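Read through the structure below, which is laid out as structure tokens, and then see the notes.
The values are calculated or read from the model by the stated rules, or taken from the named source; none is laboratory data. Keep in mind the model is a prediction, meaning the values are calculated, not measured. We place every Cβ from the backbone using ideal geometry, glycine too, and count neighbours over all the protein chains shown. Just the protein is used for accessible areas: all its heavy atoms, side chains included, with ligands, DNA and RNA removed. Shrake-Rupley method; radii C 1.70, N 1.55, O 1.52, S 1.80 Å.
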Amino acid sequence: MNFEGLLETIERFDIITLYRHEHPDCDAAGSQFGLKEWLNVNFPQKKVYALGNETCSQGNFPNNDVIDDETVKNSLAIVLDTANKERADDQRFLNAKMIIKIDHHPNYDPFGNQNYVFDDAAAVCEILPEFFQQTHLKMTKQVAEYLYKGLLTDTLCFRTSNTKPHTLEMASYLSSFGISIPEINRELFDLSLEDFRFASYIRKSAQIINDTIACVILNEEDLQKWNKTPGNARNFIDELGHVREFQIWTIFTENKDHLYDGSLRSKRVTINDIAQKYHGGGHKNASGVKNLSRDDILNILTDFQNRLKEA
Ligand SMILES: [Mn+2]
């Protein structure tokens, strides 16, 4: 990876503001706070701020900084893990003196004055450790912890196809600073007892069709009883996703209009064209639908059965 000019630009600015995408995940927050900490350790005279209105719902990260517009204007803005400028969670970065983009998504919007985009990297938390290594500056356990969280989660625990030798080399490098791998795993992935019980309920109430399709329907009462928003409840779809026999799995949740929104997943067959028939869409193997009646649910399940017969 070529970081020509990056360290030189960082050295030129007294104020640095760090940004990442809205609805931050661990790669966004991990790269942001990892870079902040690394800058603080190596350039203690600089003022470094991590900005954004939202917080990462997974794992523990520090609070965001709050600063005025003047400070932003005088700063170098570094935007992390954000493919297009509209997605940044604090649009004031556009007023900064200079903008640097560091990302691993396809570079359709090279909005930085300097862009360091490596779309074969599995995470920004794979890119930053490489940069830190190349600078030969100080590295700490705290920085390594933040980055490891992002690397671990963006690769779904090193299970995605973009987990390459370099990804694991960076994981190895980060782990050399004495981070506790089991503790980080517990922090990121342990369930609350309440969620454990809800996950058990999801598994228990799954209707299984021809051993190949799993379907959970949660009405308003269920959601109230489990204290879940429809979106939170559907996030448990992975509970159904690791069964050898299942080719398609779904969770439907009742909405305010007493219709059902659904999350749909498939192992191999295409489902987004079917989702489109039901006010939805998405990716080939991961789609959503909106405002289905109970009859619509039966119909979409029939469509799925027919799709599996064709396959
Ligand atoms: Mn990412």
For Arg159, only one of the following conditions fails: (1) open to solvent by 60 Å² or more (accessible area, probe 1.4 Å); (2) touching a residue at least 12 places away in the same chain (Cβ under 8 Å); (3) more than 18 Å from Glu37 (Cα to Cα). What is its number? (2)
Do we find that Gln142 is surrounded by fewer than 18 Cβ atoms within 10 Å (Cβ to Cβ) and under 20 Å from Ile10 (Cβ atoms) in this structure? yes
Which condition does Tyr108 not pass, out of (1) of a type in the set (Ser, Thr, Tyr); (2) at pLDDT below 95; (3) assigned to a helix (DSSP H, G or I), if it passes all the others? (3)
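For a quick check of your reading: which helices (runs of 4 or more DSSP H) sit entirely within region 164-227 and have at least 3 residues that are more than 22 Å from the chain's Cα centre (by Cα) and surrounded by 12 or more Cβ atoms within 10 Å (Cβ to Cβ)?
Details: elements: 165-175, 181-189, 193-204, 220-226.
So the answer is 193-204, 220-226.
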Test of understanding: among Phe118, Phe111, which residue is more than 14 Å from the ligand (Cβ to nearest atom) and either more than 24 Å from Phe43 (Cβ to Cβ) or of a type in the set (Phe, Trp, Tyr) (or both)? Phe111
Can you tell me which residues in region 252-311 are hydroxyl-bearing (Ser, Thr, Tyr) and assigned to a strand (DSSP E or B)? Thr253, Tyr260, Ser263, Ser266, Ser287
Filter result for Ala83 (within 16 Å of the ligand (Cβ to nearest atom), aliphatic (A, V, I, L, M), open to solvent by 20 Å² or more (accessible area, probe 1.4 Å) and assigned by TED's automatic domain parsing to the domain that holds Ala122): yes
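Take Arg12 and decide whether it is of a type in the set (D, E, K, R), assigned by TED's automatic domain parsing to the domain that holds Glu130 and open to solvent by 10 Å² or more (accessible area, probe 1.4 Å).
In short, yes.
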Identify the residue in region 91-103 that is away from the ligand (no atom under 16 Å from the Cβ) and among the charged types (D, E, K, R) and, among all such residues, is farthest from Ala29 (Cα to Cα). Lys97
Out of the residues in region 18-55 that are part of a loop (DSSP other than H, G, I, E, B) and away from the ligand (no atom under 16 Å from the Cβ), which is surrounded by the most Cβ atoms within 10 Å (Cβ to Cβ)? Leu51
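Residues in region 291-311 that are among the charged types (D, E, K, R) and either touching a Leu at 6+ places or on another chain (Cβ under 6 Å) or modelled with pLDDT under 95 (or both): how many? Outline the logic, then answer.
So the first thing to find is which residues in region 291-311 are among the charged types (D, E, K, R), and the list is 294-296, 303, 307, 309-310.
After this cut, where a residue has to be either touching a Leu at 6+ places or on another chain (Cβ under 6 Å) or modelled with pLDDT under 95 (or both) as well, the list is 310.
Result for region 291-311: 1.
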Of the criteria (1) away from the ligand (no atom under 16 Å from the Cβ); (2) surrounded by fewer than 22 Cβ atoms within 10 Å (Cβ to Cβ), which one Pro106 fails: (1)
